[in-house]
Amino acid sequence: MTTPPPAGLRERKKQATREALREAALRLAVERGPEQVRVEDIAEAAGVSPRTYNNYFASREQAIVSAVTADREARIAAAVAARPAGTRLADAVTEAVVEQYTTTGERGPESLLLIITRPALREAFLDTTAGIEPPLTAVIAERLGDAERLGNAERLGGAERLGGAGAQTARVLAASVAAAVRIALEGWLRPAGDAGAA
């Protein structure tokens, strides 16, 4: 996967603001409970106005969940790209997704517990699965292109039979992964008798 150029000053400031907002949102949610946190509280804790907050997040749930899922999409794509070239594409993607969704990282299990015990946070968490698609599409396209040059169908697990390694194939595969992740998470996060399952 190609490395993106370094971000400019404006982009770094925007990223710092986003990080400050999500960190404040999670900290306040853990301290007070998410229901007791207002957008104004998060904005004040991050040192920005509520209007600035609204440029980054549509809801407090989105900000809280963002603190837990921060950069996960990029980490999944990087993990796929880091797998050895001989690794089947299906294995590389599966290993990367499982690794990123089962590692709690520095947040620890209390953050995940906060999300799974609150319906609004669970829904916001599930909504983040669509974010996997764009970076995964890029890395899958790159892997398919490499595999096509090698001409080795076994390394891909037969993905060449899908009609080539074009952008559409990569998009379909990435969308399928995003859908599979969402379905798996819905099954895990929602209680057995929950009628709200999509």
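Assorted remarks:
- Qualifying helices (runs of 4 or more DSSP H) (wholly inside the range 95-198; at least 3 residues being at pLDDT 80 or above and crowded, with 18+ Cβ neighbours inside 10 Å): 109-116, 119-127, 133-150, 167-189
- Among the residues of the range 33-51, just one is surrounded by 12 or more Cβ atoms within 10 Å (Cβ to Cβ) and modelled with pLDDT under 95, namely P34.
- If the condition is being part of a loop (DSSP other than H, G, I, E, B), among the β-branched types (V, I, T) and in the same structural domain as R118 (by the TED database), then the range 39-94 contributes only T87.
- Condition met for A7 (more than 23 Å from A170 (Cα to Cα), among the aliphatic types (A, V, I, L, M) and in contact with a Pro (Cβ under 6 Å, 6 or more places away or on another chain)): no
- Residue in the range 70-87 that is farthest from I132 (Cα to Cα), counting only those that are of a type in the set (V, I, T) and surrounded by 19 or more Cβ atoms within 10 Å (Cβ to Cβ): V80
- Scanning the range 46-105 for residues that are within 24 Å of K13 (Cα to Cα) and either polar (S, T, N, Q) or in contact with a strand residue (DSSP E or B) (Cβ under 9 Å, 6 or more places away or on another chain) (or both) gives S49, T52, N54, N55, S59, Q62, S66, T69.
- Among residues that are closer than 21 Å to I183 by Cα, in contact (Cβ under 8 Å) with a residue 12 or more places away in the chain and surrounded by 17 or more Cβ atoms within 10 Å (Cβ to Cβ), A67 is not included.
- Pairs with Cβ under 6 Å, 6+ apart, first in the range 122-150 and under 24 Å from T87 (Cα atoms), second at pLDDT below 90 and not in a helix (DSSP H, G or I): V139/M1; E142/M1; L144/A165; G145/A165; E148/A165
The values are calculated or read from the model by the stated rules, or taken from the named source; none is laboratory data. The shown structure was predicted, so the numbers you read here are calculated from the model rather than taken from an experiment. Don't worry about glycine lacking a Cβ; one is built from the backbone with ideal geometry, like all the others, and counts go over all protein chains shown.
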